Amino acid sequence: MNSERLLTRKDVFKVWFNWMWVYLSIQNMERMQAPGVVRAMWTVKDKLYPGDKESQQDLLIRHMEFFNTEPTWGGLIVGIALAIEEERAMNSDAVPAELSSSIKTALMGPCAGLFDSLYQSTLIPILLAIGIGISSETGSVIGPLVYIVLYWAIVPTVSWFLFYNAYRLGINGVQKILVSGIKDKIISAANVVGLTVIGAVTASTCTISSGLVFSYGEMTVNVNDIITGIQPKLLVLVGAFLTYWLLAKKRISVNKIMLIMLLVSVVGYFTTILA
């Protein structure tokens, strides 16, 4: 990329800020997040093409093509597109008009897979687990507040860091990350941390006990004591794996699983199978 810049760091921040606040609020089913890209690019059209209304219109029209990815951290693609548009504004002969669209199309799938895993499937469950762990027994408002503070401390910071560095490095830097295998290591490490935290919170906050008691003369056998003696929280573990099986293998919705749990709890209580 050209070492000269038409845009300042403040300009790039304005593009990121607008993208962050509108990417889903003006989404539609035909173009998905493309209107959000257009709104973000609109903030710098006068800096890229001062006084050239036709080129400004072409800039915005180019980004009305279908675009859909994980938007919070995957918005770094918009940062790459911004760098390409800036390069085109400085040297239109060297940068074809369709380059930014091609780059967005090529990267939106890989970035969706990467950041859906890191952001939606790992970070958010971890933050929720921390908040639930703090307030599950006391009902304290501290848990939700901790979640809110951690979310707003981490998510926008990472989003801006990725966006700005994607803009600064351009397409070459992000391509190196995507093809080097680093993303696979990051996903693997994040999944281990996420599963550890979720497993710990599940074991500490969930309780499943059996109410079955058998008597043989003067001897009484408590089934729950036997299960606990084999492995504490064994029933919780079985319940967790059963829930995962229903979700992942049987594709049963969360609402239906909650209804199943409710019915099992009611039946289990009245039959004393569950305590």
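Brief remarks on what is shown
- Built amide H within the under 5 Å cut-off of Asp52, gap 5+: none
- Shape index of the range 1-139: Rg/Rh, with Rg the Cα radius of gyration and Rh the Kirkwood radius from the inverse mean 1/r over Cα pairs, equals 1.09.
- Hydrodynamic analysis of the range 80-166 uses the Kirkwood radius over alpha carbon pairs. Inserted into Stokes-Einstein at 20 °C and 1.002 mPa s, it gives a translational diffusion coefficient of 136 µm²/s.
- Cα-based helix-to-principal-axis angle, 142-180 vs the chain, degrees rounded to 10: 50 degrees
- For the chain, the share of accessible area belonging to carbon and sulfur comes to 65 percent (1.4 Å probe, ligands and nucleic acids excluded).
- Among (1) 22.3; (2) 20.2; (3) 20.7, the entry that matches Kirkwood radius over Cα pairs in Å as calculated here: (1)
- Among the listed pairs Lys233/Lys256; Lys14/Lys47; Lys45/Lys104, a Cα-Cα separation exceeding 22 Å is found for Lys233/Lys256.
- Solvent-accessible surface of the chain, averaged per residue with a 1.4 angstrom probe and all protein chains in place: 58 square angstrom.
- Nearest-10 value in Å² for the accessible area of Lys256, using the 1.4 Å probe: 130 Å²
- Computed over the chain, relative contact order equals 15 percent, with contacts defined as Cα pairs under 8 Å that lie 6+ residues apart.
- Entry for the range 193-275 at q = 0.15, 0.16 Å⁻¹: log10 I(q)/I(0) = -0.66, -0.74, Debye formula applied to identical alpha-carbon scatterers, no solvent contribution.
- With R₀ set to 22 Å, the beta-carbon distance separating Val141 from Ala200 gives a calculated FRET efficiency near 0.45.
The values are calculated or read from the model by the stated rules, or taken from the named source; none is laboratory data. In this text the structure is predicted, and so the values were computed from the model without any measurement. Heads up, the Cβs are rebuilt from the backbone with ideal geometry, glycines too, and the neighbour counts pull from every protein chain shown. Calculation scope for accessible area: heavy atoms of the full protein, side chains included, ligands and nucleic acids excluded. Shrake-Rupley method; radii C 1.70, N 1.55, O 1.52, S 1.80 Å.
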